[in-house]
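J.: For reference, the structure I am asking about is given below.
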Amino acid sequence: MTTTFRAWLVEKHSDASGTASQTASVSELTDTDLMPGDVTLDVSWSSINYKDGLALLGRPGVVRTWPLVAGIDVVGTVTASESDRFSVGDEVLLNGAGLGETHHGGLAERARVDSASLVRVPGSLGARRAAAIGTAGFTAMLSVLAVERHGVTPADGPVLVTGAAGGVGSIAVALLSRLGFDVVASTGRVDSKGDFLRRLGAATVIDRAELSEPGKPLQSQTYAAIVDPVGSHTLVNAIARLNYGGIAAASGMAQGIDLPGSVVPFILRGITLAGINSVDAPLPLREEAWSRLATDLDPELLDGLTTEIPLDQAQAAAVAILDGQLSGRTVVDVRA
Ligand SMILES: NC(=O)c1ccc[n+]([C@@H]2O[C@H](COP(=O)([O-])OP(=O)(O)OC[C@H]3O[C@@H](n4cnc5c(N)ncnc54)[C@H](OP(=O)(O)O)[C@@H]3O)[C@@H](O)[C@H]2O)c1
């Protein structure tokens, strides 16, 4: 007997004039619909990232082959493996690596993936917390690693986190504060999310309006490092406030994809701009980041910033993340 499973499937349509559009709906698939891969999973959890929001609402730019199961994160238990690294029963996770973009993703009860980027769920973390961290938290950790590799320590001064109430931002605040940094959190929701950010460990909460408009290329030196998932004027103003020799770890574009600045801070203050790419991160870096997440993120703080939803509510969460209404992380119980 063929067993079916539920999945958020993104499909592309063309109207009579040839104009293309995409829709996403919960569909019933079977294992014969799965794409090639050497590890097959019973999925337990996925999560909602900004890219999932775009895919689930049919926005262009994320899904690049149709029909495709959405979901850039997957956590599950191995049910079949042709890989030497994994056996039936192992709990594993995968972030990015084409999931939900060119390969069937994690918003489904079943998945088949390539083991090249697959990571074992750290035992101390467990499957639900691994999904709660997801791509956003993995990206936050990659950003923190970039700051550390630049040699920045808590003694060098405060670290600015932009988009602080969002997924990447909230986990970056929690990580940096646990590592002893003096964290300045920038948010557009000072009134409603200020206490939340202070509970995560932010020493200071500032209004993102302070950074979001065009500003001078050199401003008062304030920060030793920046973790920025926002881009545009926010990143340019933040760079203008970096101390001599500081680093900005840039991962996102919540304000915009533009970088409307100049070379002045780079050549007069020796600033470094480090790009963060979670999708194509090589396996050793993935393993390092996940091992650090297992030790450096306070599990209770993580639970406090996590909201849980069943599979059929993923599209409602997509609307909320694109409207900037979600905070922290949203995990999807794909079996509920
Ligand atoms: N490079 C990578 O590998 C990678 C990985 C993951 C995510 N990303 C990117 O990082 C970004 C954030 O992802 P996420 O999952 O953290 O999304 P998210 O949960 O929606 O958080 C984004 C946050 O950015 C802030 N924001 C939104 N619109 C803004 C605007 N117009 N101006 C200034 N700030 C704004 C909001 O924070 P406040 O409410 O606190 O202001 C929002 O919560 C996205 O662009 C995503 O595509 C990149």
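The values are calculated or read from the model by the stated rules, or taken from the named source; none is laboratory data. Computed from a prediction, not measured in an experiment: that's the story for all the values here. FYI the Cβ positions are ideal-geometry reconstructions off the backbone, even for glycines, and counts take in every protein chain you see. Surface areas here come from the heavy atoms of the whole protein model, side chains and all, with no ligands, DNA or RNA. Shrake-Rupley method; radii C 1.70, N 1.55, O 1.52, S 1.80 Å.
J.: Please specify each residue of the stretch 198-222 satisfying the condition of being more than 22 Å from ILE271 (Cα to Cα) and acidic (Asp, Glu).
T.: Answer for the stretch 198-222, where residues must be more than 22 Å from ILE271 (Cα to Cα) and acidic (Asp, Glu): just ASP207.
J.: For ILE206, only one of the following conditions fails: (1) crowded, with 22+ Cβ neighbours inside 10 Å; (2) touching a Ser or Thr at 6+ places or on another chain (Cβ under 7 Å). What is its number?
T.: (1)
J.: Follow-up question, since we're still on this one. For residues in the stretch 251-275 being of a type in the set (A, V, I, L, M) and within 12 Å of the ligand (Cβ to nearest atom), which is nearest to TYR223 (Cα to Cα)? Show your work before the answer.
T.: Start the filter on the stretch 251-275 by keeping residues that are of a type in the set (A, V, I, L, M), which leaves 253-254, 257, 259, 263-264, 267-268, 271, 273-274.
Those still in the list that are within 12 Å of the ligand (Cβ to nearest atom) too: 253-254, 257, 274.
Values: MET253: 21, ALA254: 21, ILE257: 23, ALA274: 15 Å.
Result: ALA274.
J.: Is it true that LEU94 is crowded, with 19+ Cβ neighbours inside 10 Å, within 15 Å of the ligand (Cβ to nearest atom) and touching a residue at least 12 places away in the same chain (Cβ under 8 Å)?
T.: Details: crowded, with 19+ Cβ neighbours inside 10 Å: yes; within 15 Å of the ligand (Cβ to nearest atom): yes; touching a residue at least 12 places away in the same chain (Cβ under 8 Å): yes.
Criteria met by LEU94.
J.: Let me ask another. Looking at GLY201, GLY194, GLY180, GLY151, which is the one that is touching a residue at least 60 places away in the same chain (Cβ under 8 Å) and not acidic (Asp, Glu)? Working first, answer last.
T.: Values: GLY194 fails: touching a residue at least 60 places away in the same chain (Cβ under 8 Å); GLY180 fails: touching a residue at least 60 places away in the same chain (Cβ under 8 Å); GLY151 fails: touching a residue at least 60 places away in the same chain (Cβ under 8 Å).
One residue alone meets the criteria, GLY201.
J.: If you don't mind, there's one more thing I want to ask. Determine which member of the set THR222, THR272 is open to solvent by 40 Å² or more (accessible area, probe 1.4 Å), under 14 Å from VAL159 (Cα atoms) and out of contact with any Gly (no Cβ under 7 Å at 6 or more places or on another chain). Show your work before the answer.
T.: Working: THR272 fails: under 14 Å from VAL159 (Cα atoms).
The unique qualifying residue is THR222.
J.: Now for a separate question. From the list SER291, SER278, pick out the single residue that is small (Gly, Ala, Ser), within 14 Å of the ligand (Cβ to nearest atom) and either open to solvent by 70 Å² or more (accessible area, probe 1.4 Å) or farther than 21 Å from SER192 by Cα (or both). Outline the logic, then answer.
T.: Working: SER291 fails: within 14 Å of the ligand (Cβ to nearest atom).
Matching residue, one of SER291, SER278: SER278.
J.: Any residue at all in the stretch 225-237 that is open to solvent by 10 Å² or more (accessible area, probe 1.4 Å) and farther than 19 Å from VAL168 by Cα?
T.: Within the stretch 225-237, none of the residues are open to solvent by 10 Å² or more (accessible area, probe 1.4 Å) and farther than 19 Å from VAL168 by Cα.
J.: I would also like to ask the following. Do you know which residues across the stretch 11-69 are within 16 Å of the ligand (Cβ to nearest atom) and free of Cβ contacts under 8 Å to residues at least 24 places away in the same chain?
T.: Result: GLY61, single match.
J.: For VAL190, indicate whether it is surrounded by 24 or more Cβ atoms within 10 Å (Cβ to Cβ), assigned by TED's automatic domain parsing to the domain that holds SER143, within 15 Å of the ligand (Cβ to nearest atom) and among the aliphatic types (A, V, I, L, M). Explain how you work it out, then say what you get.
T.: Details: surrounded by 24 or more Cβ atoms within 10 Å (Cβ to Cβ): no; assigned by TED's automatic domain parsing to the domain that holds SER143: yes; within 15 Å of the ligand (Cβ to nearest atom): yes; among the aliphatic types (A, V, I, L, M): yes.
Criteria not met by VAL190.
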